[in-house]
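S.K.: Quick one: this structure, given as structure tokens, is what I'll be asking you about.
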Amino acid sequence: MDLDELVALARTAVPNPLERARARRAMRRIADDRRRRLDEGREILTDVDLHDPLLADLDEAQRIRRAADLRRRGTITWATGARWVTWTDEMARIFDRAPTDSRASLAGLFRLVHATDRGRVRRAVHDVWRRQSAADVVCRIIRGDGSTGYVEFLVEVTTDGRGRTTGIIATGHDVTAAHKDREETGRRALRAASVQQSVVEVDQVTGLLTRKAFADEVGRALRTGTGTLLVISASPYISRSSDVESGRDHRLSAATARLLREAFDALPCGALGRHEFGVLLPYTTFETATRRAEEVISSLRQARYMADCPRIDAFGGLVRYDYRLPVDSMDLLVDADGAWRRAKHEDRPLHVLRQPPSADERREMCRNGIRSAVDQRRFILYAQPLRDLELNRTTRHEILLRVLDEAGRPTLPTTFLELAEHVDEILAVDKWVLDRALRLIGERRQTSHFQINVSGRSLGDALLGALTDAIERYGVDPTRLTIEITETAAIGNLTVARRFADGVRELGCQVALDDFGTGNTPLGFLTKLPVDLVKIDGSFIAGIAHSAAKQAVVQGLVQMCASLGILTAAECVQDDATIDLLRVYGVDFAQGFHVGEPSPLLAESRPAKQLELEVYPVASASLAI
Amino acid sequence: MSVALALPPGDDGARRRTTDRSFEQFLSENYTALERFLQRQCFDPHLAEDALHEALIVALDKWETVSRHEKPLYWVRKVAWYKLQTLHDRQKWKDTVPLENVADDVVEPRTAHEVERLVLHTARLLPAQHRAVFALMLEGDTDQQIALQLGLGEKTVATYKATVRRMFREQLSEGAPDGPR
């Protein structure tokens, strides 16, 4: 089917009786409305040209000008051979020129078009002239007051009755507002697509809230009311060293999470650590909470072969919270954690902490726990490779801390470090790590560049002194050492941080900012601290190949760092597609399980006896970074 | 306006009645066509109706002059179209519709309803002035008549018509499941 056939088919038929009846009704409505308007003394004839449109008594340019006037459009006319263009009053208004100034040279006219659009407009007009056609052109113009406006033009050639070209006419109107509206609509659509739907982080294994999200939830409850917090530990009665690799750990956590969700329905539940779960029971008394907790713990204890696990060892700790008490969510979690350990110690299913410790007691307990962990060397150091994306080979390693759990297995230190920062004991940990790492590095041939993490809280002369000593003592090459400042705790004092960073660089070492973009480091630190390397947080890297938003953030960040002379590294690299993308963006280093898994820097001798860490949560969900 | 004022006063009532009858006759012949002409280029039927109503009130008011035109229909159509553009301008062209491929059943339309669906599908693909040119093509107007009604140059009308043809072809080849027809 072609268009002519359609035109023939669509041709209007003679009206049928029904249509005639509609026309009669319309006639009555029109006559009534006209009469009413006349009675009200309202003007009927507005913006209408009574001239017979078929009366071809005007030349084309005049006719188009007249039509444009009626629609409040301005026109610019050029007659063949003329040196000048002329414009109408309306067009003068659009350009913010005096109406008397009604003509300009062609070159002068193009000068009024914004420089960026000038070439395009000139080409469009030439095209129209050459092809004897018409074109719609939207461009920016420079108005008389120096401001910019968007104007939409229809550029046409005009002809005489015999088809000879007589000139060019451009009909235009100001579309600045419409253009801005469209831009805003587009921007809103883009923003809606680029913003995360929810900021609540969900643990991937269990579907429960992550430790951080759960702590936020506890904090919120704590500000608004009273209730109880339950922390449950549900570990296998007999742990096997293969639990993590075989996936049994994950399966068991998922099964426990399902059971908790069924028992507590819509209440906030979180996966706090390895086999450790939290449930928030707002506006619940100790009596009700105790009953519910005992039910759940007993059903966990009675479960047989849940996720291939013959029996589960379940303990619970219950604490009360009240908005009037001077505690924060971290304190509450520590208390509840201590409570279930107490239950385990006393071999009872549940311990209800009726009398919470005072702030000083709690702090002292935490500190002691951390100090004893440091003293007893319950840590092990791992090294994870970083690949130089230009050379495509491993040139650096990041030293990672792992905390040994009750069974002597290495676990992620997230919770431990969080607690250590919370009670200001992190410096001891950082000093231990520095000393231990440098000793291990010094013992071997230093083939790689090593990056060591220190907390933003520890920055100061004491840590710098420890670093200086260790470098000397173990004979480490300082130029192949980078100190990574982690972002989990805000850098307290910028002056102190600056002095520390300067000191580190004087030693010949480099300074890096870890987890950049999500933590507590403002952008301003890039210019205020002498940073050599920025490690882009893994949350921007994971899944970057499918996220335009993440690509935009990383690309911008890398560009900015490059202009400042700062190297960049990407964490959590999971596949080749990501590596390719990062290389295009100019990222210097890639790190992640896909690039290389962490391996022990040197096998640590295990502690002689089994140690129980009484006061702080040790474990985390898994080894995965 | 000047023509109406020049008429002698006195037999106002009789003259009005004659005019009304002539206008009514015009409406019964052209109302449906005018309505469809506007609806083919405006996807809000109420807006089209408002524009037509406004135009017809003016037409009735000035019918003595307008009825002397060579073809009053062209004048009414032109005024209605201008009214529609004014309403559109005021609404900032917000009645845009989502573009969709033409349904298979209207690629080869058999009934009047299917023809109209294909027309509307085609119209939706076009910018406003192209749409007006297309609507007038469907009314069977020549290039010159279209140019005179829409206030465009004749070369422009020819250019627009070529674009309409191209878009129509492309639309059908996209809508057809077994390749281009």
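The values are calculated or read from the model by the stated rules, or taken from the named source; none is laboratory data. Predicted model only: the values in this text are computed from it and were never measured. Positions of Cβ are generated from backbone atoms using ideal geometry, with glycine treated the same way; all protein chains shown enter the neighbour counts.
S.K.: Return the residue satisfying two criteria in turn: it lies in segment B:139-170 and is facing another protein chain (nearest Cβ under 8 Å) and not in a helix (DSSP H, G or I), and of such residues it is nearest to B:Val119 (Cα to Cα).
M.R.: B:Glu139
S.K.: Something else about it: Out of A:Arg83, A:Arg34, report the one residue that is in contact (Cβ under 8 Å) with a residue 12 or more places away in the chain and either in contact with a Ser or Thr (Cβ under 8 Å, 6 or more places away or on another chain) or not hydrophobic (A, V, I, L, M, F, W, C) (or both).
M.R.: Going through A:Arg83, A:Arg34 in turn, the sole match is A:Arg83.
S.K.: Going through A:Asp375, A:Asp388 one at a time, which residue ends up being in the same structural domain as A:Phe500 (by TED's automatic domain parsing), over 28 Å from A:Leu582 (Cα atoms) and of a type in the set (D, E, K, R)?
M.R.: A:Asp375
S.K.: Output the number of the condition that A:Arg34 fails; it satisfies all remaining conditions of (1) of a type in the set (D, E, K, R); (2) under 30 Å from B:Thr156 (Cβ atoms); (3) crowded, with 16+ Cβ neighbours inside 10 Å; (4) within 9 Å of chain B (Cβ to nearest Cβ).
M.R.: Evaluating A:Arg34 over (1) of a type in the set (D, E, K, R); (2) under 30 Å from B:Thr156 (Cβ atoms); (3) crowded, with 16+ Cβ neighbours inside 10 Å; (4) within 9 Å of chain B (Cβ to nearest Cβ) leaves (2) as the failure.
S.K.: Which count do you get for residues in segment B:59-80 that are part of a helix (DSSP H, G or I) and either touching a Cys at 6+ places or on another chain (Cβ under 8 Å) or more than 8 Å from every other protein chain (Cβ to nearest Cβ) (or both)?
M.R.: Final tally of qualifying residues: 8.
S.K.: If we scan segment A:91-114, do we find a residue that is under 25 Å from B:Arg77 (Cα atoms), in the same structural domain as A:Arg143 (by TED's automatic domain parsing) and either charged (D, E, K, R) or surrounded by 13 or more Cβ atoms within 10 Å (Cβ to Cβ) (or both)?
M.R.: No, the conditions are met nowhere in segment A:91-114.
S.K.: Restricting the search to segment B:139-150, which residues are crowded, with 24+ Cβ neighbours inside 10 Å and closer than 19 Å to A:Thr165 by Cβ?
M.R.: Scanning segment B:139-150 gives B:Ala147, B:Leu148.
S.K.: Looking only at segment A:174-216, count how many residues are over 16 Å from the mean Cα position of the chain (by Cα), away from chain B (no Cβ under 14 Å), among the charged types (D, E, K, R) and part of a helix (DSSP H, G or I).
M.R.: 5
S.K.: Ok, one more. What's the number of the condition B:Leu84 fails, among (1) at pLDDT below 90; (2) more than 10 Å from every other protein chain (Cβ to nearest Cβ); (3) surrounded by 16 or more Cβ atoms within 10 Å (Cβ to Cβ)?
M.R.: Going through (1) at pLDDT below 90; (2) more than 10 Å from every other protein chain (Cβ to nearest Cβ); (3) surrounded by 16 or more Cβ atoms within 10 Å (Cβ to Cβ) one by one, B:Leu84 breaks only (1).
S.K.: Which ones in segment A:48-84 are within 19 Å of A:Val137 (Cα to Cα) and away from chain B (no Cβ under 11 Å)?
M.R.: If the condition is that a residue be within 19 Å of A:Val137 (Cα to Cα) and away from chain B (no Cβ under 11 Å), then A:Gly74, A:Ile76, A:Thr77, A:Trp78 are the ones that fit.
S.K.: Then there is this: Would you call A:Ala289 closer than 17 Å to A:Arg354 by Cα, small (Gly, Ala, Ser) and in a helix (DSSP H, G or I)?
M.R.: So A:Ala289 fits the description; yes.
S.K.: If the Cβ limit is 7 Å and pairs must be 6+ apart or interchain, which residue in segment A:104-127 that is free of Cβ contacts under 8 Å to residues at least 40 places away in the same chain pairs with which residue that is among the basic types (Lys, Arg) and part of a helix (DSSP H, G or I)?
M.R.: Correct list of pairs: A:Phe110/A:Arg118; A:Phe110/A:Arg122.
S.K.: Of the conditions (1) more than 7 Å from every other protein chain (Cβ to nearest Cβ); (2) buried (at least 16 other Cβ atoms within 10 Å of the Cβ); (3) outside any loop (DSSP other than H, G, I, E, B); (4) modelled with pLDDT under 90, B:Val115 fails just one. Which one is it?
M.R.: (1)
S.K.: Between a residue in segment A:286-305 that is under 12 Å from A:Leu230 (Cβ atoms) and any residue that is of a type in the set (D, E, K, R), which pairs come within a Cβ distance under 8 Å, given they are 6 or more apart or on different chains?
M.R.: Within 8 Å, the pairs are A:Phe286/A:Arg320; A:Phe286/A:Arg354.
S.K.: Determine whether segment A:77-87 contains at least one residue that is β-branched (Val, Ile, Thr), within 20 Å of B:Glu154 (Cβ to Cβ) and in contact with a helix residue (DSSP H, G or I) (Cβ under 6 Å, 6 or more places away or on another chain).
M.R.: Yes, segment A:77-87 contains at least one residue that is β-branched (Val, Ile, Thr), within 20 Å of B:Glu154 (Cβ to Cβ) and in contact with a helix residue (DSSP H, G or I) (Cβ under 6 Å, 6 or more places away or on another chain).
S.K.: All but one of (1) under 14 Å from A:Leu601 (Cβ atoms); (2) out of contact with any Lys or Arg (no Cβ under 9 Å at 6 or more places or on another chain); (3) surrounded by fewer than 18 Cβ atoms within 10 Å (Cβ to Cβ) hold for A:Val433; which doesn't?
M.R.: For A:Val433, the exception is condition (3).
S.K.: Does A:Thr415 count as among the hydroxyl-bearing types (Ser, Thr, Tyr) and touching a residue at least 40 places away in the same chain (Cβ under 8 Å)?
M.R.: It is true that A:Thr415 is among the hydroxyl-bearing types (Ser, Thr, Tyr) and touching a residue at least 40 places away in the same chain (Cβ under 8 Å).
S.K.: Tell me whether segment A:562-572 contains one or more residues that are assigned by TED's automatic domain parsing to the domain that holds A:Ile483, among the charged types (D, E, K, R) and more than 17 Å from A:Asp537 (Cα to Cα).
M.R.: No - not one qualifying residue is present in segment A:562-572.
S.K.: Looking at segment A:436-451, which of its residues are closer than 9 Å to A:Ile399 by Cβ, touching a Lys or Arg at 6+ places or on another chain (Cβ under 9 Å) and hydrophobic (A, V, I, L, M, F, W, C)?
M.R.: Within segment A:436-451, A:Ile441, A:Phe450 qualify.
S.K.: Moving to a separate point now. State yes or no: is A:Ala26 outside the structural domain of A:Leu112 (by TED's automatic domain parsing) and part of a helix (DSSP H, G or I)?
M.R.: Yes.
S.K.: For segment A:519-554, which positions are of a type in the set (Ser, Thr, Tyr) and either modelled with pLDDT of 95 or more or under 28 Å from A:Cys509 (Cα atoms) (or both)?
M.R.: A:Thr521, A:Thr527, A:Ser539
S.K.: Report whether or not A:Asp337 is charged (D, E, K, R) and either modelled with pLDDT of 90 or more or within 30 Å of A:Glu287 (Cα to Cα) (or both).
M.R.: For A:Asp337, the condition - charged (D, E, K, R) and either modelled with pLDDT of 90 or more or within 30 Å of A:Glu287 (Cα to Cα) (or both) - is met.
S.K.: Also: State whether one or more residues within segment B:171-181 are modelled with pLDDT under 90 and facing chain A (nearest Cβ under 9 Å).
M.R.: Within segment B:171-181, one or more residues are modelled with pLDDT under 90 and facing chain A (nearest Cβ under 9 Å).
S.K.: Mind listing just one residue for me: the one in segment A:140-173 that is touching a helix residue (DSSP H, G or I) at 6+ places or on another chain (Cβ under 7 Å) and away from every other protein chain (no Cβ under 11 Å) and, of those, farthest from B:Tyr160 (Cα to Cα)?
M.R.: Only one residue tops the list, namely A:Gly149.
S.K.: Separate question: Would you point out the residue of segment A:37-47, among those that are acidic (Asp, Glu) and assigned to a loop (DSSP other than H, G, I, E, B), that is nearest to the other protein chains (Cβ to nearest Cβ)?
M.R.: A:Asp47
S.K.: Which of the numbered conditions does A:Trp87 fail, given that it passes all the others? Conditions: (1) among the hydrophobic types (A, V, I, L, M, F, W, C); (2) facing another protein chain (nearest Cβ under 7 Å); (3) touching a Gly at 6+ places or on another chain (Cβ under 8 Å).
M.R.: For A:Trp87, the exception is condition (2).
S.K.: Residue under question is A:Asp337, and the condition is that it be surrounded by fewer than 18 Cβ atoms within 10 Å (Cβ to Cβ) and more than 30 Å from A:Phe589 (Cα to Cα); does it hold?
M.R.: Considered against the rule, which asks whether it is surrounded by fewer than 18 Cβ atoms within 10 Å (Cβ to Cβ) and more than 30 Å from A:Phe589 (Cα to Cα), A:Asp337 comes out as no.
S.K.: Moving on. Run A:Phe525 past the list (1) touching a residue at least 24 places away in the same chain (Cβ under 8 Å); (2) more than 21 Å from A:Ile426 (Cβ to Cβ) and report the number of the one that doesn't hold.
M.R.: (2)
S.K.: A:Ala13: part of a loop (DSSP other than H, G, I, E, B), more than 12 Å from chain B (Cβ to nearest Cβ) and of a type in the set (A, V, I, L, M, F, W, C), yes or no?
M.R.: Spelling it out, it is not the case that A:Ala13 is part of a loop (DSSP other than H, G, I, E, B), more than 12 Å from chain B (Cβ to nearest Cβ) and of a type in the set (A, V, I, L, M, F, W, C).
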